[in-house]
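The numbers here are math on the coordinates, done by the rules we state, and not lab data. Treat the numbers as computed from the prediction; the structure is a model and nothing was measured. Using ideal geometry, Cβ is built from the backbone for each residue, glycine included, and neighbour counts are taken over all protein chains shown.
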Amino acid sequence: MFPQVFTAADTLPYRLWEGESPSILDSNEYLITPPRVYQEEVFFLQALAVVERPNPWSRYSLLVFSAQNQVRGPGWNFTAWWFDAYTGRYVDRGDFSNLGGALTDTMNQAADGLIWHYDAWYRVRALDPLTLAPIPGLEIPHDRFGGSPLNQQKPCFVFDRQRNRAVVQTAAEGNDQIGVYDFTTGALIRRIGVAGHVHAIAAEDATRVFVVSRTGIVTLVDYESGAILGVSQLPIAPDIFDFLVTWDRNLRRLLTVVHTPDAVDGACTTRIRGYAPRPQAVGITPPLPLAVARPGRPAPVLVHAYGGAGEPIGGLHVAFDAAVPGRLLSRTAQTSASGDAIVQLDADAAGLSTVSASATP
Amino acid sequence: MALDLLAGPFPLLLEGKPAKRHGDAFWVDGLGLALFGTWQDNSSYHGQGAWYGIVQPDGAVRVRNENPAGTYYADHLMWDCMRDDLIGHRPTVGMFEFRALTGSFLSPVAMAEFRLRDGSFLRYVTGTIERDQGAGFVSETAIFGILDDGYSDKAVFCPSRHADQVWLGLSGGRIVLYDTAARAVAAPPTGIAMPNVGIWYSRAYDAFVSLHEKPDLSLELRWWSNAARPAALSAPEFVDPPRAGWAGRVRARLTGSYGEPCAGHTVAWILTGDGALLDSRTDTDADGYAWTRYVAPMAVPGTAPQLAAQVEF
């Protein structure tokens, strides 16, 4: 389980309803039916990115791009919400309803920081991360990779132009697979099986990506070698609508924005959070003897530490205690990379000793 | 009881509820018990789909991969020595290399059986170990007479700590060490004397772990020592006939309930009558024998010496 290390100070600040009655051009009046007082709500999330955009608190900003339902005609808007990357304070917002209107689909940040936009016209275009304006000449067909279209329902893609690679899930990949393609030619290089139904891909450093399943299982993959470097879990609750993920390479944290239900008065509860990519234990086993302890023949006693996806947790300090008449040859041990801490128990008589263990991170 | 029960039974619990099987399981060192299961809550979130989880040594289940597709599970998992990972058979889909770390199926393979390092396959069919070296399975070693616990509907091959030897665990509860190079049973068979749905050897822990399904389909995990629990100690046997003034060899054999030798146990020798023992406590050897020497008195005694042995464990 990745520990949470960051909570944005602010949620997405919806605009309040000014108070007059809606006109015939307006819609979505449920938004201002008491006790609700806000004139908009998130309909779906589209992008989460880290952008070098100075704000009053720091040089870096977090971008959340989302589609809203609103009371004012035409009943929807597309908004870029900017937050300070260090504090999570709200900075400002911009209306980008002209970006593709209701047909705007999904954006993903690439390894080089560019934001790639996949719209419902099946266009895959690079956007300037500051202005969100399409960059001329940087557009690819959505079925370039292996001739299969990107997964339209939940497009997952990370492009690495420097190494000429595309890490995507097309219609040809299985639910728990990602494909690595030549970015220029679209030729398949390899497919990699990951843990769980793929929901998001986030570019980590070098040739690594985090692949996050819809239940929050995270697989760290090296897409150049195909190696699985680790499996862990983000604490994503099952009762949410949707979530987006991106990697913050400045502060080395996995950022999520989770679309959660509005408060009773309609206030937004959707908030950015950050998680450190070092799994923490969610449990340790009771001490398990690996052999029968007999007088004069110490037997190994095992404690295994595990994380949210069952991954072994190394480096955990385990304190053992033995009830008489046994003796522990060591009272403390650290879990190995396999999550195992083992001490030796010297029993006075077989079957009489009991051992207890506790662990601290 | 043959092998010593070390720990358990541990109920398999997923989010506090009993976990149910939906396919096969296999113990993978460094990971845990890889298990296919199915959600029982019928919620809209989980549906009735299958999941792939990692069972911890104490029975706690952590789901790692879930996929609502009806064929996402393996009804047969076997070890692949070529990849140090698993091979899985998917009903109606086929046989695939399997990545236990992520629960994902990879390239198709020729068959879902235990694959040796040279690419040949081993399987167990009603009392016989068979091998396929590319031209179909050929009977290799009949072990039905050894594993006399009747019909076992499931057999699991596991790598041992020896490169050429594999453990074969049967659902009836018997375990045998088989030498794939010598093509013969390598050690007297042992077992756990309990029906199971899988028994695996852990190279990392040098112990066995078994999975048991109860009548209500809930599951339990048990840990077993890789050493037979003593069940019988033979009467002391004078290997050399007592001769006045000579130290003759005496031995007693310690065996488990399947007749397998119990090594490394201390046997206490008790002599009543004339003469002397050179050692009053000795350890059993790899064949289960403890040895000592009896020195007969110079004068021939009127009554034969009474020698007794006892073991503490």
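Structure data summary
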item	result
A:Ala319 paired with A:Leu229, simple spin-label distance in nm, labels 7 Å along Cα-to-beta-carbon	3.5 nm
Computed E for A:Ala133/B:Lys17 - FRET, C-beta separation, R0 56 angstrom, nearest 0.05	0.60
Chain B: Rg to Rh, with Rh as the Kirkwood radius over Cα pairs	1.12
Global form of segment A:201-314, assessed from the alpha-carbon gyration tensor, a/c cut-off 1.5	oblate
Alpha-carbon spread of the protein assembly as shown, three principal axes, descending order, Å	123, 59, 46
Karplus (6.51, -1.76, 1.60) ³J(HN,Hα), θ = phi - 60°, over segment A:193-207, in Hz, Gly and Pro reported as x	x, 10, 7, x, 6, 4, 10, 7, 10, 10, 6, 8, 7, 6, 10
Per-residue HN-Hα couplings for segment A:19-25 [Karplus 6.51, -1.76, 1.60; θ = phi - 60°; Hz; x = Gly/Pro]	x, 7, 6, x, 8, 5, 7
Length-normalised contact order of chain B in % [C-alpha pairs under 8 Å, at least 6 apart]	14 percent
From the C-alpha gyration tensor of chain A, square roots of 5λ in Å	47, 26, 16
Gained length - B:Ser218 relative to B:Ala231, 0.36 nm times residue gap less alpha-carbon distance	1.6 nm
Percentage of interatomic Cα-Cα distances in segment B:204-313 larger than 17 Å	60 percent
J(HN,Hα) series, segment B:286-291, from Karplus relation 6.51 cos²θ - 1.76 cosθ + 1.60, nearest Hz, glycine and proline x	4, 8, x, 8, 10, 10
Under 5 Å, built H, 5+ apart or other chain: amide partners of A:Ile217	A:Leu234
22 Å Cα cut-off, lysine pairs counted over the protein assembly as shown (separation 8 or more, or different chains)	4
Footprinting exposure proxy for A:Asp242, B:Asp279, B:Asp24 (fewest neighbouring C-beta atoms within 10 Å first)	B:Asp279, A:Asp242, B:Asp24
Residue of B:Leu35, B:Leu278, B:Leu13 that the Gaussian network model of chain B assigns the largest fluctuation, springs spanning Cα pairs under 10 Å	B:Leu278
Distant-in-sequence amide H partners of B:Val267 (H built 1.01 Å from N, under 5 Å)	B:Thr282, B:Asp283, B:Thr284
Inter-chain Cβ neighbour average for residues A:281-293, partner chain, 10 Å	5
10 Å beta-carbon shell around B:Thr102, net charge (K/R +1, D/E -1)	+1
Potential lengthening between A:Val37 and A:Ala171 on full extension [0.36 nm per residue; Cα-Cα distance subtracted]	44.0 nm
